Amino acid sequence: MLPRLLPLVVCLSVAVAIQAAPAPLPRPEPAQPEVLLRGFLRQETVLPAGEPVAIGNHADYQALARAWGIQAPPRVNFRTHFLAVHVTGPFVHVVRFEVDGSGDVRPVTQSTAHMLGYEVAGHRILIQSFRRSAVKTVKGLPPPK
């Protein structure tokens, strides 16, 4: 009798083990490559010069890319990232973003007028992505949701 029950016990054990298996681990999201675009606009800009702007959704990003003539703008996962955008006045400034110890993103500008000796009409632009979890504010204001 025992030899006849052995296959039944094994099958039941396997069935219980299969049902008790943990759920598969969630797939990690693919790493978001950093977006870093620098450029020069000769035409009027759609953003004010001097203050950084945060973009938190795809529609605003696409509108900005169209207005500025950016061909094939890099993809951004707006669930995990946002874009900081900065426009300078004359072309005589180099811009970069820094995140300070409190998590605030601020533009850093450096005049290059002494290198050129004259001003060039137009605007220098910078677009950079930031992980939402790494930044608390953009020039003192919360990033867009």
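The values are calculated or read from the model by the stated rules, or taken from the named source; none is laboratory data. If you're wondering where the values come from, they're calculated on a predicted model, not measured in any experiment. Neighbour counts are summed over all protein chains in view; Cβ atoms, including those assigned to glycine, are modelled from backbone coordinates with ideal geometry. What goes into the accessible areas is simple: the full protein's heavy atoms, side chains included, and nothing from ligands, DNA or RNA. Shrake-Rupley method; radii C 1.70, N 1.55, O 1.52, S 1.80 Å.
Below are the figures for this structure:
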quantity: Positions within the stretch 132-145 being open to solvent by 50 Å² or more (accessible area, probe 1.4 Å) and within 13 Å of residue 97 (Cβ to Cβ), in sequence order; calculated: 134, 139
quantity: Identity of the residue in the stretch 23-63, of a type in the set (Val, Ile, Thr) and at pLDDT 90 or above, that ends up surrounded by the fewest Cβ atoms within 10 Å (Cβ to Cβ); calculated: 35
quantity: Filter result for residue 66 (open to solvent by 50 Å² or more (accessible area, probe 1.4 Å) and at pLDDT 90 or above); calculated: yes
